[in-house]
1. Residue check: is W73 under 13 Å from the mean Cα position of the chain (by Cα) and aromatic (F, W, Y)?
Amino acid sequence: MKRPDKSGKVWLYVVGLLLGLPLCYVLSSGPMVVLTYRKVIPESVMETTYGPLVWLMRETGTREAVEAYVVVWLQLTNTPIP
């Protein structure tokens with residue numbers, strides 16, 4: 001029985017990781033804000049973990065989009081918006 005050749009698919013894994021990990025990082029900001037507002041996670045952890053995202057939002061002009069995403073999370077979880 002011949003084994004399937006997987007060597008040509010390595011690039012798929014690399015592209016998946018290069019796109020998937022940053023996407024997961026950005027998308028996890030919504031739940032983290034909810035947990036921070038509910039005092040489950042200290043603000044210092046949020047600031048340290050998402051400091052690079054805050055910088056990126058300022059530098060690229062994507063602040064409104066990320067804030068809208070976070071507001072959706074706050075509304076879905078009935079978390080009061082301060």
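Each reported figure results from applying straightforward, stated rules to the coordinates on display, with no laboratory input. Everything numeric here is computed off the predicted structure, so don't read it as measured data. We place every Cβ from the backbone using ideal geometry, glycine too, and count neighbours over all the protein chains shown.
1. yes
For (1) assigned to a helix (DSSP H, G or I); (2) in contact (Cβ under 8 Å) with a residue 60 or more places away in the chain; (3) surrounded by fewer than 10 Cβ atoms within 10 Å (Cβ to Cβ); (4) among the hydroxyl-bearing types (S, T, Y), each residue gets a yes or a no:
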residue	(1), (2), (3), (4)
Y13	yes, no, no, yes
M32	yes, no, no, no
L35	yes, no, no, no
M46	yes, no, no, no
W55	yes, no, no, no
V70	yes, no, no, no
L74	yes, no, no, no
I81	no, no, yes, no
